[in-house]
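One structure, as structure tokens, below. Some questions next.
The values are calculated or read from the model by the stated rules, or taken from the named source; none is laboratory data. Since we're looking at a predicted model, the values are computed, not measured. Cβ: placed from backbone, ideal geometry, glycine included. Neighbour counts: every protein chain shown.
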Amino acid sequence: MNTIQKPSYIIVLHSVAFSMISYLVILVIFKFVTVLVAQYFDIPSIVHHNKIVFLVKPESWTFDSVKMIFSTGSITTLFIGLICLVIYIKAMAMDGLLKLFFLWGFIHGINFFVGSVVIGAFLYEGMGYVFAWMYLQDTAKMFLLFIGLIVMLGAGTLMVKPMLLSANTYYNSSKPEMRKSFKRQQFFIPYLTSTIILFLFRYPLTLYEFLVLITPGLMLIPLLSGMHRFTIFYFDEKERTIILKKKLLFVAIVMLIMFRGILGYGVRIG
């Protein structure tokens, strides 16, 4: 069994790259779904790297336009996250790297939806605008907060084993004594690193956008729990030759630069 420790920086860099790529893909889809729905209501907009500016007078908003514009994007990311989960589960037994894109895509997709609902309800952004028009009471907001935390932590708990099985990309087996370092290299360090990089490229952010950016960490908390004491995972005898995928890092860097470069100036729709 090949259980030799792989260079940790390779695991970290691959996971950082896929975390940022999946985040940017979902964020761009979220933004453009939102502005395309706004077009249905004849509301022009400008898409920036850190916000969407709707070129409409406050008195021109209606409940139907608010409901559709500020909910469709979040619901779309939920479906994207669930699709990513299905693809990841199907590809989980494979030792390729691409499945990490779908794993992080699930994390970010679910977070975009839950974050928009829960954080938006308190800060009146995202789906919070919809709740504001519904005159949502504080009790209901606390209920949404509780449900949101349950969803994020529950999803993370259910994903502990599938996340640990992603070790088959680098190892022929996964022993309990290897998992602490693997979780750190595959998830915790990439989460922190990618979050910092994305924050810098999206700066300045509102408090709402900042909180939605950092809340994926809630889904990683169950990885710290000691209640998941799995035995040894055996994968296959195929020799693992792990090298740094420079093209992957190049794609991530190019996407970041293009995202900030294009949306930094703003793209007008309508």
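I need the full set of residues from the range 29-70 which are buried (at least 16 other Cβ atoms within 10 Å of the Cβ), part of a helix (DSSP H, G or I) and aliphatic (A, V, I, L, M), in order please.
Result: 29, 33, 35, 37, 38, 66, 68, 69.
Determine whether the range 122-145 contains at least one residue that is aromatic (Phe, Trp, Tyr), assigned to a loop (DSSP other than H, G, I, E, B) and either touching an Asp or Glu at 6+ places or on another chain (Cβ under 7 Å) or at negative phi (or both).
Checked the range 122-145: no residue is aromatic (Phe, Trp, Tyr), assigned to a loop (DSSP other than H, G, I, E, B) and either touching an Asp or Glu at 6+ places or on another chain (Cβ under 7 Å) or at negative phi (or both).
What are the pairs with Cβ atoms under 7 angstrom where one residue, in the range 206-235, is closer than 21 Å to residue 115 by Cβ and the other, located anywhere, is of a type in the set (D, E, K, R)? Sequence gap at least six, or different chains.
Close Cβ pairs (under 7 Å, with a partner that is of a type in the set (D, E, K, R)) amount to 206/125; 208/125; 223/183.
Within the range 60-97, take every residue that is more than 14 Å from residue 26 (Cα to Cα) and of a type in the set (Val, Ile, Thr) and give me the one that is farthest from the chain's Cα centre (by Cα).
62
Further question: Residues of the range 173-194 being touching a helix residue (DSSP H, G or I) at 6+ places or on another chain (Cβ under 6 Å) and either more than 22 Å from residue 10 (Cα to Cα) or not aromatic (Phe, Trp, Tyr) (or both), which ones?
174, 183, 185, 186, 189, 190, 193, 194
Another question about this same structure. Being in contact (Cβ under 8 Å) with a residue 40 or more places away in the chain and under 12 Å from the mean Cα position of the chain (by Cα) is the filter here; which residues of the range 103-145 pass it? Write out each step before concluding.
Narrowing the range 103-145 to residues in contact (Cβ under 8 Å) with a residue 40 or more places away in the chain: 103-112, 114-117, 119-120, 123, 125-130, 133.
Scanning the range 103-145 gives 103, 104, 105, 106, 107, 108, 109, 110, 111, 112, 114, 115.
Is it the case that the range 106-121 has a residue that's of a type in the set (A, V, I, L, M), surrounded by 15 or more Cβ atoms within 10 Å (Cβ to Cβ) and not in a helix (DSSP H, G or I)?
In the first step, residues of the range 106-121 are kept if they are of a type in the set (A, V, I, L, M); the result is 107, 110, 114, 117-119, 121.
Within this subset, residues satisfying the condition of being surrounded by 15 or more Cβ atoms within 10 Å (Cβ to Cβ) are 107, 110, 114, 117-119, 121.
Filter once more, keeping what is not in a helix (DSSP H, G or I): none.
No, there is no match, as no residue in the range 106-121 is of a type in the set (A, V, I, L, M), surrounded by 15 or more Cβ atoms within 10 Å (Cβ to Cβ) and not in a helix (DSSP H, G or I).
Return the residue satisfying two criteria in turn: it lies in the range 223-257 and is in contact with a strand residue (DSSP E or B) (Cβ under 9 Å, 6 or more places away or on another chain) and outside any loop (DSSP other than H, G, I, E, B), and of such residues it is surrounded by the fewest Cβ atoms within 10 Å (Cβ to Cβ).
Among those that are in contact with a strand residue (DSSP E or B) (Cβ under 9 Å, 6 or more places away or on another chain) and outside any loop (DSSP other than H, G, I, E, B), it is 234.
Also, quick follow-up: Out of 79, 101, 106, report the one residue that is closer than 30 Å to residue 11 by Cα, in contact with a Cys (Cβ under 7 Å, 6 or more places away or on another chain), at pLDDT 95 or above and not basic (Lys, Arg). Can you show your working first?
Numbers: 79 fails: in contact with a Cys (Cβ under 7 Å, 6 or more places away or on another chain); 101 fails: in contact with a Cys (Cβ under 7 Å, 6 or more places away or on another chain).
It is 106.
Answer yes or no: is there a residue in the range 85-99 that is in a helix (DSSP H, G or I), closer than 25 Å to residue 37 by Cβ and in contact (Cβ under 8 Å) with a residue 12 or more places away in the chain.
yes
Residue check: is residue 193 in a helix (DSSP H, G or I), over 14 Å from the mean Cα position of the chain (by Cα) and among the hydroxyl-bearing types (Ser, Thr, Tyr)?
So residue 193 fails the test.
In contact with a Lys or Arg (Cβ under 6 Å, 6 or more places away or on another chain) and closer than 20 Å to residue 241 by Cα: which single residue out of 91, 17 fits that description?
Numbers: 17 fails: in contact with a Lys or Arg (Cβ under 6 Å, 6 or more places away or on another chain).
Of 91, 17, the one residue that is in contact with a Lys or Arg (Cβ under 6 Å, 6 or more places away or on another chain) and closer than 20 Å to residue 241 by Cα is 91.
Here's something else I'd like to know. Among residues belonging to the range 197-208 that are within 17 Å of the chain's Cα centre (by Cα) and farther than 14 Å from residue 24 by Cα, point out the one that is surrounded by the fewest Cβ atoms within 10 Å (Cβ to Cβ). Working first, answer last.
Going through the range 197-208, the residues within 17 Å of the chain's Cα centre (by Cα) turn out to be 197-202, 205, 208.
Narrowing the set further to residues that are farther than 14 Å from residue 24 by Cα leaves 205, 208.
Values: 205: 16, 208: 19.
For the range 197-208, the residue satisfying everything is 205.
Does the range 173-194 contain any residue that is hydroxyl-bearing (Ser, Thr, Tyr), modelled with pLDDT under 95 and buried (at least 17 other Cβ atoms within 10 Å of the Cβ)?
Checking the range 173-194: at least one residue is hydroxyl-bearing (Ser, Thr, Tyr), modelled with pLDDT under 95 and buried (at least 17 other Cβ atoms within 10 Å of the Cβ).
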